[in-house]
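Heads up, the thing below is written out as structure tokens.
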Amino acid sequence: MTVLGQRALNRALLARQHLLERASLSATEMVGHLVGMQGQAPLAPYVALWTRLSAFRPEELARLVTGRDVVRGLLMRGTVHLVLADDARVLRPLVQRVVAAGYTGHFGRRVGGADLGEVAALGRKLLEERPRSRRQVQDAFAERWPEHDAEALSYAVAYLVPTAQVTPRGVWGETGPARLTTLDGWLGRPLAEDPSLEDVVRRYLRAFGPASVADVQAWSGLTKVRDVVEAMGLRTFRAESGEVLYDVEDGLLPGPDVPAPVRFLPEYDNVLLGHADRGRVLPPGRRVPLPPGNGASRGTLLVDGFYRADWRLHGTGLTVTPHGRLATGQRAEIVAEGGRLLEFLGAGEAEVRFGGI
């Protein structure tokens, strides 16, 4: 099998993520192509789309959010993702056991003797009545089960019941608390009864491949998918480590020396988190930062295709903090692209500065 080095895998990933060249696609098409976008920080997907699309405006995604064409909820790896409504119907049943296991892993010791079936049933009933915050659910549980840890039980609802975070949270220019309702109720349609893992794997590879079985599992959170992947008849390569990499037949494979422009990424972008082997983007020893916040105010920076700096928006401008020395040309490119980001964020009069090194 052909061996693909880290730079070749880097360029393949950037091409498929539309980070080598911005795409002339709609926000709907891009969200669907990416099989969802990290959404813990509610406004992060706006920056993620801006850096990938040639003519994106935040109002486009805001309309999709308010129109329920896209939805935010716990999905891959048990983390909050923004996905197309139709994809949410498929993905949540597919990863439900992963999401549920995440709850017992985090809160198992605090649950005690509570009947989680009853907890889920009351949680669903409460959310079907009206969208509620976790604290409102907690108060209801404390009244129903005063002998148990109501706070721990309140978290169970999002994990055990397929839910959606409702607007105005996640809408550009608006604010609101994190409130939940049932996913099928928010979408007005039932969830898929027999979702196809094979279809999701192919879509993942089209946006993230070539990738190993471990990569597929790291992205989705699922386990024991090797037999499924190996039976799909995919084309194969080999990583420098010797691991087999799987791919769709039409997956983009630009050369390792194709130039990669500077790209600003938001918090938690899946290009940094979508593989078990993150060396195709992260330099040795570098971890993905996981800052708190609402999004669209900080993130990471790709230089020559790799994570080489962090950025943060503040009152006086945008500060870029490199992890090492940058060439003069790279700094100039960062300033130019940072200026475009500031304009997108509505801070076009601010300046791009360098901090740290």
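The values are calculated or read from the model by the stated rules, or taken from the named source; none is laboratory data. This structure is a prediction, so every number in the text was calculated from the model and none was measured. Using ideal geometry, Cβ is built from the backbone for each residue, glycine included, and neighbour counts are taken over all protein chains shown.
Computed quantities for the displayed model
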item: Matching residues, the stretch 277-334, being among the basic types (Lys, Arg) and more than 18 Å from the chain's Cα centre (by Cα); result: Arg286, Arg308, Arg312, Arg325, Arg331
item: Enumerated strands (runs of 3 or more DSSP E) restricted to the stretch 265-322, each holding at least 2 residues that are in contact with an Asp or Glu (Cβ under 7 Å, 6 or more places away or on another chain) and either free of Cβ contacts under 8 Å to residues at least 60 places away in the same chain or in the same structural domain as Arg169 (by TED's automatic domain parsing) (or both); result: 298-303, 317-322
item: Flag if Val90 is of a type in the set (Val, Ile, Thr) and surrounded by fewer than 24 Cβ atoms within 10 Å (Cβ to Cβ); result: yes
item: Members of the stretch 95-120 that are surrounded by fewer than 13 Cβ atoms within 10 Å (Cβ to Cβ) and under 14 Å from Pro162 (Cβ atoms); result: Arg97
item: Conditions (1) touching a residue at least 40 places away in the same chain (Cβ under 8 Å); (2) in contact with a strand residue (DSSP E or B) (Cβ under 9 Å, 6 or more places away or on another chain): number failed by Val98; result: (2)
item: Of the criteria (1) closer than 18 Å to Leu75 by Cα; (2) surrounded by fewer than 22 Cβ atoms within 10 Å (Cβ to Cβ); (3) at pLDDT below 95, which one Pro284 fails; result: (1)
item: One residue from Leu75, Leu84 being crowded, with 22+ Cβ neighbours inside 10 Å and either touching a residue at least 40 places away in the same chain (Cβ under 8 Å) or assigned by TED's automatic domain parsing to the domain that holds Gly32 (or both); result: Leu75
item: Failed condition for Gln136, given (1) at pLDDT 95 or above; (2) closer than 27 Å to Glu60 by Cβ; result: (2)
item: Residues (part of a strand (DSSP E or B) and within 20 Å of Pro45 (Cα to Cα)) located in the stretch 166-195; result: Arg179, Leu180
item: Sole exception among (1) modelled with pLDDT under 95; (2) of a type in the set (Ser, Thr, Tyr); (3) in contact with a helix residue (DSSP H, G or I) (Cβ under 8 Å, 6 or more places away or on another chain) for Tyr307, by number; result: (1)
item: Any hit, the stretch 194-210, residues being surrounded by 22 or more Cβ atoms within 10 Å (Cβ to Cβ), under 20 Å from the mean Cα position of the chain (by Cα) and among the acidic types (Asp, Glu); result: no
item: Members of the stretch 316-357 that are at pLDDT below 95 and of a type in the set (S, T, N, Q); result: Thr316, Thr328
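For every residue, the table says whether it meets (1) among the small types (Gly, Ala, Ser); (2) modelled with pLDDT of 95 or more.
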residue	(1), (2)
Gln17	no, yes
Arg22	no, yes
Leu34	no, yes
Val65	no, yes
Ala85	yes, yes
Tyr103	no, no
Arg109	no, no
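Here's the yes/no breakdown for (1) surrounded by fewer than 21 Cβ atoms within 10 Å (Cβ to Cβ); (2) acidic (Asp, Glu); (3) closer than 22 Å to Phe306 by Cα:
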| residue | (1), (2), (3) |
| --- | --- |
| Thr2 | yes, no, no |
| Gln6 | yes, no, yes |
| Leu43 | no, no, no |
| Phe56 | no, no, no |
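A quick yes/no check of all residues on (1) out of contact with any Cys (no Cβ under 9 Å at 6 or more places or on another chain); (2) touching a residue at least 60 places away in the same chain (Cβ under 8 Å); (3) crowded, with 18+ Cβ neighbours inside 10 Å:
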site	(1), (2), (3)
Arg135	yes, no, no
Glu151	yes, no, no
Ser154	yes, no, yes
Pro162	yes, yes, yes
